[in-house]
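Trainee: Below: one structure in structure tokens.
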Protein chains: 4
Amino acid sequence: MREIEGVVEDLELESNVKAILRGMAKTAFNARRLGEALSILEKITTECGLRIIAVAGAVVPAGLRGLLREALNRKLFNVVVSTGANVTHDLLMAFGGKHYRLKLSDVEDDGALRAKGFCRIYDVAVNVEDFAVMEKRLRGILKDLEDKTYSTREILKEIGLRLRDERSFVRAAAVNGCDVVVPAFYDSILGVQLWSLTQTRGLRVLEALDLSYLVDLQFNAKRQGDRTGILIVGGGGPKNFALQSALIAGKPFDYAVQITVDPPYYGGLSGATLREAVSWEKVLEKGEHCTVYCDFTIALPLLLSALMC
Amino acid sequence: MREIEGVVEDLELESNVKAILRGMAKTAFNARRLGEALSILEKITTECGLRIIAVAGAVVPAGLRGLLREALNRKLFNVVVSTGANVTHDLLMAFGGKHYRLKLSDVEDDGALRAKGFCRIYDVAVNVEDFAVMEKRLRGILKDLEDKTYSTREILKEIGLRLRDERSFVRAAAVNGCDVVVPAFYDSILGVQLWSLTQTRGLRVLEALDLSYLVDLQFNAKRQGDRTGILIVGGGGPKNFALQSALIAGKPFDYAVQITVDPPYYGGLSGATLREAVSWEKVLEKGEHCTVYCDFTIALPLLLSALMC
Amino acid sequence: MREIEGVVEDLELESNVKAILRGMAKTAFNARRLGEALSILEKITTECGLRIIAVAGAVVPAGLRGLLREALNRKLFNVVVSTGANVTHDLLMAFGGKHYRLKLSDVEDDGALRAKGFCRIYDVAVNVEDFAVMEKRLRGILKDLEDKTYSTREILKEIGLRLRDERSFVRAAAVNGCDVVVPAFYDSILGVQLWSLTQTRGLRVLEALDLSYLVDLQFNAKRQGDRTGILIVGGGGPKNFALQSALIAGKPFDYAVQITVDPPYYGGLSGATLREAVSWEKVLEKGEHCTVYCDFTIALPLLLSALMC
Amino acid sequence: MREIEGVVEDLELESNVKAILRGMAKTAFNARRLGEALSILEKITTECGLRIIAVAGAVVPAGLRGLLREALNRKLFNVVVSTGANVTHDLLMAFGGKHYRLKLSDVEDDGALRAKGFCRIYDVAVNVEDFAVMEKRLRGILKDLEDKTYSTREILKEIGLRLRDERSFVRAAAVNGCDVVVPAFYDSILGVQLWSLTQTRGLRVLEALDLSYLVDLQFNAKRQGDRTGILIVGGGGPKNFALQSALIAGKPFDYAVQITVDPPYYGGLSGATLREAVSWEKVLEKGEHCTVYCDFTIALPLLLSALMC
């Protein structure tokens, strides 16, 4: 029979986010999962040699750039596996671009929005001019770089070190020795811009090099008996790329936390349970893992705040 | 074109739940909605004469009985429209029953669970013995009551006043002059027990009386020019019953907040937007309303904590 | 270890809906579940003495009134447990009302929609005039009925027999000896209209009588050793009311099919698995049951068509 | 005000899938969307010069390999943008591998499953031996290929032409002049195997070449005034890669159909509406587009069957 862990303990009135999450761990449903996720993340960020955050959601446009950067400054994670989009939007901001809050209004006239120069990400807008500025500034940076084949990690480190915006998470990663890896590099505006700016040069970006690098990190952890942990935000390519490095190295993650809103029963990777990942030897059967079914814009800042305050 | 309200402001590191939610209001997606929900709830709980909380989720089994009771003690709401289940589980606890946390394990053997006497609500279990105790204690209370036709509000008030458990929200409501209304009374274990205990008597429960009562409250608010507000947790019957009282009285809610995980595009009432409710004159077109797409076990304690601390 | 049932068999190109669903049963994810649901429904509709369809979605506004009626004419089910809404909209159509398809447009101006006299159900609109006609026609029917306390089943039978629209499912039920039960009667426009038309009379509707009736049906099935089956469309009150009758009678359903889009991990009843229902003895542990995660507007007509053609 | 298109027309009892979908177009919610999707797909497959299918779901493991292959044989689409996973599983089957249906049982013991050599994809299992066979067979094919930098399209064409399994969609694409593009190539077992087999050689795969190719196709369509259409299955990387080619070329898709279960309000790309894509000039404002919220294992075979029979 399924074991009983204890009784549901009624939540007390608390104002401190860490106290609230601790209390939630003794309740039910996703509040309980959020509380358990905090416990596992405390272990990941203190016990693990390899500490990956895999990010698929629009973390930067949604105002979480600062908390992510702060987490890297504090070395809570030492590898970020990200969509190209988050890196793109971090650079866009580093070069002065902004994200705008659209009124949650009755009219969804995306044609009119575009006519005014705005592209939409749900309730956030970006001005196309900011992409043009980004391209121009990127051109300047790329002039400095030698022609060769880079991993995404290497090119983003080069770019990060050349950014002056201290609020950039790409810069924070570069400065703090944290790797940023983008498994589908050309599937983003940054990738497109970089490709168009370097087509006549010998500069290339090859994700296979990141694959090797990440697998080496896993092998090192295996050799040294280090524990490994991962926080998966939203699934997608970053989730698969990070987990497959564990599979290849034969070093399942000891700890894993996943924030998603995707159910398992549609069979997609983003919604795949961490228990399913056990059958792929991506996550350790005897390890600790927990999925929180919640919009990352709510769950991620709660968890990061509770970890850092 | 859709208006731009401002820029997305990066979240600062904060430990206080109210500060976090205030910050979220300037971000995106559901964090933003959570922040906006707090602002609207502050207006509901301070400006409105009629302040309804409509609850469809398993609030009591999930450990939110205390925050709900505290909200009633502080008169944040003066009407609770609820499923019978929440009232059932409140009484079960008032008579000494417990909710148990099940291990989030590999084995979902509900047959074995039942063989040991437990019924399951996702990751929470209830012992059938506790339902038996509840029935026995309820019998005692019902002996006191005269044979007549009660509204659910009236019978729950009678029951609430006879409970000794100070942690009960049904008792807190009765003591604080807050009404508890259950639109599908016989669709719950409490309803079933009450029916079986009174079949040979003249005691009846008729929700039509609650309909009249709730509509009268709306008419009164209309006559007095009072503002009205509603917090909808999870949709279902309570959402419809509360909103239809506004429709009948021709007094759309000035303020409305909805916590749900149901999308609108499946056409169900729980996922129906508050904008759709405008077409039914259940919510005021010029009013303020906001839906937060989030598990209530996370969103509700955050909002109530921010309101009360 | 989890058993392997066989290999995934690639779908063949077929035009017949039954052949497609049969093929799907050998595939994966929800297509497989849809195929399994068909097999179980074939058993429910041929082997079971008590065959319940519990309907929470807006089946009538969504154009499924005809398939539901045809299913009742063919006696596929002998009890319908429904929200008041479906009965309301069936009567609205029986009295000449219509449902309108709204353009899936850019503008969601529910205020303007209402100003023209329309209420919205996602992409469907209803004219308020049609509700007025319904009230008038209902008044005529109610004049005929004697003052007493009816179950919802009895009052809907009286109404159904007085309808002239042969496309009405309420009429089809009444004519074919199929019961229609509405567990939250006053939580619908029909309930409201009936209440307002009879407040000065002695006519009352009491769902407790339906509870007794449904439990009696279950006891009869138990006594006679009949198999029982249920098709649950969308969850909500109807799901709970039908399942609790099995619980009270101690006669778990032998067969159960559920069409829903609600995940289990938010802890709500609509998303609760049928396996969870085993722990409540609502569904037989050794019985056959299957949940299909799909909009009912797609899954229900596919299943009913495959059953009837 | 939102326009009214017509009345909801009740579904007739039909057995033919095309007739059912045609009927659904006059109903509501996602059945209506499914019917509209069929109309748009008929235009895509008959009017468009560039006809892309972007596939993120586990189409091959879920038994849809045959319908996809048949669609390519009939030239319904001329470009497939896919996750690496679908290509991996197609090759696995081409080399004799199988997908197994797991019992939808009570026990989710992924450790035991793995101990027997199986990896799980929700209710489907794959034997690790089959991956080993695939690697061996791939080694044989790669020996034939010269050392150079390939696009994913080129390497998959070379591989496809060397497959003997006529049921392979990769082979069908190669034979029929249909391009297969994989935007995150190294984020899959095929990519990993190919990388490990060629690390000591000069054979490389660079998605930037696919980006150029796809953008050229869009420019050609623009120059020739061809219409372009896309069917998006499940979102993710393939959706973004295909849509960004339209953005770069300044040639928004005239027609677009999307099958997803992801809501827009979590801000993710998979759930982003096609209306949002208008603001990015990925989809034409005056074009025709429709999203169907449904598991692709149900919606995709219905649409492909209706198109081909």
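Trainee: Can you name the number of the only condition in (1) crowded, with 22+ Cβ neighbours inside 10 Å; (2) touching a helix residue (DSSP H, G or I) at 6+ places or on another chain (Cβ under 8 Å); (3) under 30 Å from residue A:105 (Cβ atoms) that residue B:63 fails?
Mentor: (3)
Trainee: Suppose we keep only residues that are without any contact (Cβ under 8 Å) to a residue 60 or more places away in the chain and within 14 Å of chain B (Cβ to nearest Cβ) within the stretch C:88-104. Which one would you say is nearest to residue C:173 (Cα to Cα)?
Mentor: If we take residues in the stretch C:88-104 being without any contact (Cβ under 8 Å) to a residue 60 or more places away in the chain and within 14 Å of chain B (Cβ to nearest Cβ), then C:89 is nearest to residue C:173 (Cα to Cα).
Trainee: Which members of the stretch A:23-38 meet the condition of being under 18 Å from residue B:59 (Cα atoms) and not in a loop (DSSP other than H, G, I, E, B)?
Mentor: Keep residues of the stretch A:23-38 that are under 18 Å from residue B:59 (Cα atoms), which gives A:23-35.
Correct list: A:23, A:24, A:29, A:30, A:31, A:32, A:33, A:34, A:35.
Trainee: Name every residue in the stretch C:253-269 that is under 19 Å from residue B:109 (Cβ atoms) and surrounded by fewer than 24 Cβ atoms within 10 Å (Cβ to Cβ), in order of residue number.
Mentor: Once the filter is applied, which keeps residues that are under 19 Å from residue B:109 (Cβ atoms) and surrounded by fewer than 24 Cβ atoms within 10 Å (Cβ to Cβ), the stretch C:253-269 yields C:264, C:265.
Trainee: Looking for whichever is over 23 Å from residue B:239 (Cα atoms) and surrounded by fewer than 23 Cβ atoms within 10 Å (Cβ to Cβ) here; the options are B:163, B:194, B:209. Which one fits?
Mentor: None of the other options fit; the residue is B:163.
Trainee: Next up: Kindly provide the set of residues from the stretch B:162-208 that are more than 14 Å from chain C (Cβ to nearest Cβ), assigned to a helix (DSSP H, G or I) and farther than 22 Å from residue B:63 by Cα, ordered by number.
Mentor: none
Trainee: Given (1) farther than 30 Å from residue D:263 by Cα; (2) within 16 Å of the chain's Cα centre (by Cα); (3) of a type in the set (A, V, I, L, M, F, W, C), identify the lone condition not met by residue A:242.
Mentor: Among (1) farther than 30 Å from residue D:263 by Cα; (2) within 16 Å of the chain's Cα centre (by Cα); (3) of a type in the set (A, V, I, L, M, F, W, C), the lone unmet condition for residue A:242 is (1).
Trainee: Is it true that residue B:235 is at pLDDT below 95, touching a strand residue (DSSP E or B) at 6+ places or on another chain (Cβ under 7 Å) and of a type outside the set (D, E, K, R)?
Mentor: On the way: at pLDDT below 95: yes; touching a strand residue (DSSP E or B) at 6+ places or on another chain (Cβ under 7 Å): yes; of a type outside the set (D, E, K, R): yes.
Yes, satisfied.
Trainee: Test residue A:138 against the stated conditions and say whether it is more than 14 Å from chain D (Cβ to nearest Cβ), in contact with a Ser or Thr (Cβ under 8 Å, 6 or more places away or on another chain), touching a residue at least 24 places away in the same chain (Cβ under 8 Å) and not in a loop (DSSP other than H, G, I, E, B).
Mentor: For residue A:138, the condition - more than 14 Å from chain D (Cβ to nearest Cβ), in contact with a Ser or Thr (Cβ under 8 Å, 6 or more places away or on another chain), touching a residue at least 24 places away in the same chain (Cβ under 8 Å) and not in a loop (DSSP other than H, G, I, E, B) - is not met.
Trainee: Are there any pairs with C-beta distances below 8 angstrom linking a residue in the stretch A:32-46 that is free of Cβ contacts under 8 Å to residues at least 12 places away in the same chain to a residue that is among the small types (Gly, Ala, Ser) and surrounded by fewer than 20 Cβ atoms within 10 Å (Cβ to Cβ), with the two at least 6 apart or on different chains, and if so which?
Mentor: Listed pairs, sorted by first residue: A:32/A:25.
Trainee: Go over the candidates D:243, D:300 one by one and state the one that is hydrophobic (A, V, I, L, M, F, W, C), within 14 Å of chain C (Cβ to nearest Cβ), touching a residue at least 40 places away in the same chain (Cβ under 8 Å) and crowded, with 24+ Cβ neighbours inside 10 Å.
Mentor: None of the other options fit; the residue is D:300.
Trainee: Kindly evaluate residue C:223 against the criterion of being farther than 22 Å from residue C:135 by Cβ, surrounded by fewer than 24 Cβ atoms within 10 Å (Cβ to Cβ) and among the basic types (Lys, Arg).
Mentor: Numbers: farther than 22 Å from residue C:135 by Cβ: yes; surrounded by fewer than 24 Cβ atoms within 10 Å (Cβ to Cβ): yes; among the basic types (Lys, Arg): yes.
When the stated conditions are applied, residue C:223 passes them.
Trainee: Being in contact (Cβ under 8 Å) with a residue 40 or more places away in the chain and either within 12 Å of another protein chain (Cβ to nearest Cβ) or touching a Gly at 6+ places or on another chain (Cβ under 6 Å) (or both) is true for just one of A:85, A:115. Which residue is that?
Mentor: Result: A:85 is the single residue among A:85, A:115 that is in contact (Cβ under 8 Å) with a residue 40 or more places away in the chain and either within 12 Å of another protein chain (Cβ to nearest Cβ) or touching a Gly at 6+ places or on another chain (Cβ under 6 Å) (or both).
Trainee: Report yes if residue D:70 is of a type in the set (Asp, Glu), within 28 Å of residue D:157 (Cα to Cα) and at the interface with chain C (Cβ under 8 Å from one of its Cβ atoms), otherwise no.
Mentor: Spelling it out, residue D:70 is indeed of a type in the set (Asp, Glu), within 28 Å of residue D:157 (Cα to Cα) and at the interface with chain C (Cβ under 8 Å from one of its Cβ atoms).
Trainee: From the list B:69, B:51, which residue is part of a strand (DSSP E or B), basic (Lys, Arg) and touching a residue at least 40 places away in the same chain (Cβ under 8 Å)?
Mentor: Exactly one residue qualifies, and that residue is B:51.
Residue-by-condition table, conditions (1) of a type in the set (A, V, I, L, M); (2) crowded, with 24+ Cβ neighbours inside 10 Å:
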residue: D:7; (1), (2): yes, no
residue: D:15; (1), (2): no, no
residue: D:32; (1), (2): no, yes
residue: D:53; (1), (2): yes, yes
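Trainee: For the stretch A:270-297, how many residues are part of a loop (DSSP other than H, G, I, E, B), surrounded by fewer than 24 Cβ atoms within 10 Å (Cβ to Cβ) and among the aliphatic types (A, V, I, L, M)? Explain how you work it out, then say what you get.
Mentor: Here is the first cut: in the stretch A:270-297, the ones part of a loop (DSSP other than H, G, I, E, B) are A:270-273, A:280-282, A:294-295.
In the following step, the residues that additionally are surrounded by fewer than 24 Cβ atoms within 10 Å (Cβ to Cβ) were identified as A:271, A:273, A:280-281.
Among the residues that remain, those that are also among the aliphatic types (A, V, I, L, M) are: none.
Going through the stretch A:270-297 one residue at a time, the tally reaches 0.
Trainee: Next up: For residues in the stretch D:78-113 being basic (Lys, Arg) and at pLDDT 95 or above, which is farthest from residue D:258 (Cα to Cα)? Show your work before the answer.
Mentor: Our first condition is that a residue be basic (Lys, Arg); within the stretch D:78-113, this holds for D:98, D:101, D:103.
Filter once more, so that each one left must be at pLDDT 95 or above: D:98, D:101.
On the way: D:98: 29, D:101: 27 Å.
For the stretch D:78-113, the residue satisfying everything is D:98.
Trainee: Of all residues in the stretch D:40-60, how many are within 13 Å of chain C (Cβ to nearest Cβ) and closer than 23 Å to residue D:254 by Cβ?
Mentor: Within the stretch D:40-60, residues that are within 13 Å of chain C (Cβ to nearest Cβ) and closer than 23 Å to residue D:254 by Cβ number 1.
Trainee: Could I ask something else about it? For residue C:126, only one of the following conditions fails: (1) in a helix (DSSP H, G or I); (2) within 11 Å of chain B (Cβ to nearest Cβ). What is its number?
Mentor: All conditions pass for residue C:126, except number (1).
The values are calculated or read from the model by the stated rules, or taken from the named source; none is laboratory data. What you are looking at is a predicted structure, and each value in this text was computed from that prediction instead of being measured. We place every Cβ from the backbone using ideal geometry, glycine too, and count neighbours over all the protein chains shown.
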